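Trainee: One structure, pasted below without further comment.
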Amino acid sequence: MPAETAALQAAVGASGDRRYSHSSGAMVSQALSRVNDSELIRAAQRGDRAAFEVLVRQYDQAVLRLALHLTGSEPDARDIYQEAFLKAYRHIGNFRFECSFYTWIYRIVTNLCLDHLRKRQTRKEDSGTVVDSNGHEVDLLDRVSDERSGANPERDLMSRELGARIAAALTRLTPRERMVFELKHYQGLRLRTIGEMLNTTEETAKNTLFRATQKLRSALAPMR
Amino acid sequence: MKCEWMKENLVLYMYDELADDAKFEFVHHVQHCLSCRQELEAAQAFKEEMSAAPAAEVSPNFLAANRMQLQEALEHAEQSRSFWSKFIFDFAGWMQQIKLAPALTAALLIIGFAGGSLTTWRLALGDTNAGPLPVATSNTGSQDYNIAAIDSISTNPDSNQITIKYDTLHPQTIAGAATDPRIQELLLMATRNNRNSDVRLDSIDLLKTKAQDNEVRDALISALRYDRNPGVRLKALDGLKGYVKDDIHVRDSVLEALLHDANPGVRSEAISLLEPVKADSSVHEALEVLAQHDPNQYIKTQSKKYLASTPHLD
């Protein structure tokens with residue numbers, strides 16, 4: 001085994017242990033945007049799978065989170081995760097360092113998610129529930145810990161109703177609006193980055209976000 | 001006109017995407033316009049409502065299951081290459097492999113050296129009728145060496161003799177001053193010794209005083225990022241401490257250690273090294289996150305302390 005691969009494999013193990021997760025992943029990734037992945041990318045381009053796995057582990061949690069939130073289904077999120085990274089591995093030779101690896105992998109994931117959302121829009125599925133790995137339907141809000149409600153069942157119920165309304169309002173958006181809103185509101189990305197990921201301009205991303213918030217506000221207005 | 005502009009930019013203000021001058025104009029207008037103030041309040045209430053359904057976190061089990069499945073799939077996956085790239089020899093990649101495969105490099109050197117010496121010896125003897133050299137050695141011949149590879153096996157049906165041709169690795173020792181380029185090259189090689197962390201510790205300890213050399217600094221950064229042994233990572237940090245301010249790659253790797261390293265000692269050392277550059281935007285952003293969310297109380301307190309002593313640059 002080449003020493004390089006061994007060193008990178010060690011890093012794979014280590015990075016798994018070292019992974020530091022919290023809800024502000026986007027901010028941390030921004031802070032680390034200067035960290036250079038090029039060495040790993042070049043090794044992966046030479047066919048070094050261990051190097052590719054190191055890259056995967058830097059971004060896969062965020063990718064899975066995005067796919068899970070957009071699809072609302074564990075099996076669908078799993079399919080998008082697998083397809084995205086396999087596609088990235090097969091085509092990493094085409095990566096020309098014109099953007100960051102982060103933007104590149106997110107571009108692959110967002111395209112897959114958009115395809116998924118478009119297909120689902122034609123089927124008019126309800127995203128208020130998710131399907132877990134065993135095929136059971138689970139309410140999205142069961143997964144969200146609501147510290148404010150505590151042991152207050154009345155407030156808990158209100159919070160659930162609000163969550164259901166939000167989930168329903170989100171389904172009224174076009175796939176592209178849903179994606180821009182997700183990347184901005186939940187993932188905290190800059191509009192310029194969102195534009196790069198969706199192969200469009202910052203101005204278009206801005207307009208799409210504007211339309212998305214208008215639609216959501218009017219859908220949720222009767223609640224206030 | 002102003003109110004129209006305000007409505008168009010409301011979303012950008014809410015999501016902190018407005019430029020500083022536009023932000024100032026926006027706030028100034030809202031302070032003096034009741035209807036726009038009400039609009040802003042309604043928009044902020046909407047944003048808060050939307051946060052009632054935060055993105056569900058991925059469970060560790062789900063993530064682990066996905067990683068395992070991906071690993072299996074990658075074993076069977078092949079990278080697509082363009083038609084022409086199949087015929088292009090990747091010289092850089094080959095060099096990288098050779099450089100990072102000390103055993104193979106050493107074996108090639110030894111074979112070359114042995115071949116050269118043998119030829120010289122034969123020429124010096126002037127024995128042109130010596131015939132083929134015996135390749136078989138005594139049974140104990142291989143005991144002093146490590147066998148690197150078996151090249152061929154052949155059997156003589158008449159004598160029942162088996163002839164095995166193999167390559168050996170000869171253990172060697174070298175002594176010299178720390179400034180000797182050959183010693184430094186071997187020390188750099190030792191930092192990538194995956195079998196023995198003591199060797200890595202010793203080599204990093206010796207190299208850390210020579211971090212002014214770019215090659216040494218790269219080796220220290222690599223050790224800080226990828227070495228499994230926290231002691232090695234701590235020594236690498238020690239060697240890099242004088243370069244946090246001037247070398248952006250060093251700063252990034254120390255910041256990475258602060259955010260990702262599993263060892264609290266390494267993280268504590270990393271945060272102390274970042275004190276002189278706490279005003280740097282990347283460091284500042286990371287400190288803000290750590291001050292709020294880090295489970296390690298010491299890191300949290302230090303981050304708050306650094307932030308308190310740094311002017312906020314908004």
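Trainee: Only counting other Cβ atoms within 10 Å, I'd like A:HIS69, B:HIS249 sorted with the fewest neighbours first.
Mentor: Working: A:HIS69 23, B:HIS249 16.
In increasing order of surrounding Cβ atoms, one gets B:HIS249, A:HIS69.
Trainee: Something else now. Exceeding 25 Å between C-alpha atoms, which entries from my cross-link table qualify? They are B:LYS208/B:LYS300; B:LYS241/B:LYS304; B:LYS245/B:LYS305; B:LYS23/B:LYS304; A:LYS119/A:LYS184.
Mentor: From B:LYS208/B:LYS300; B:LYS241/B:LYS304; B:LYS245/B:LYS305; B:LYS23/B:LYS304; A:LYS119/A:LYS184, over 25 Å: B:LYS208/B:LYS300; B:LYS23/B:LYS304.
Trainee: Please list the non-local residues whose amide H lies under 5 Å from the amide H of B:THR168, H modeled 1.01 Å from N, same-chain partners needing a gap of 5 or more.
Mentor: B:ALA148
Trainee: OK, next. Using the count of nearby Cβ atoms within 10 Å as a rough guide to exposure, how do A:TRP104, B:TRP121 rank from fewest to most?
Mentor: Least to most surrounded, the residues fall as B:TRP121, A:TRP104.
Trainee: Rounded to the nearest 20 Debye, what is the dipole magnitude of the stretch B:227-314 about its Cα centre when Lys and Arg each give +1 and Asp and Glu each give -1 at the C-beta? It would help to have the intermediate numbers written out before the result.
Mentor: On the way: 11 positive and 14 negative charges, 67 e Å.
So the magnitude is around 320 debye.
Trainee: May I pose another question? Let me confirm one metric for peptide A:209-220, namely the mean number of other chain beta-carbon atoms within 10 Å of its residues' beta-carbons.
Mentor: 3
Trainee: If you place +1 on the Cβ of every Lys and Arg and -1 on the Cβ of every Asp and Glu, how big does the dipole about the Cα centre of the stretch B:155-296 come out, in debye to the nearest 20?
Mentor: On the way: 17 positive and 23 negative charges, 56 e Å.
Its charge dipole is roughly 260 debye.
Trainee: Let me ask something else. Can you put B:ILE271, A:ILE166 in order, fewest other beta carbons within 10 Å first? If you can, show how the numbers build up before the last one.
Mentor: Working: B:ILE271 27, A:ILE166 21.
Neighbour counts put them in this order, fewest first: A:ILE166, B:ILE271.
Trainee: I've got another one for you. Output wanted: per-residue J couplings in Hz (rounded whole) for the stretch A:107-114, from phi through Karplus 6.51 cos²θ - 1.76 cosθ + 1.60, θ = phi - 60°, x for Gly and Pro.
Mentor: Values per residue, Gly and Pro as x: 5, 5, 5, 5, 5, 5, 5, 4 Hz.
Where a number appears in this text, it was derived from the coordinates with a stated rule and is not lab data. All figures in this text were calculated on a predicted structure; none of them were measured in a lab. Reconstructed Cβ throughout: ideal geometry from the backbone, glycine too, with neighbour counts over all protein chains shown.
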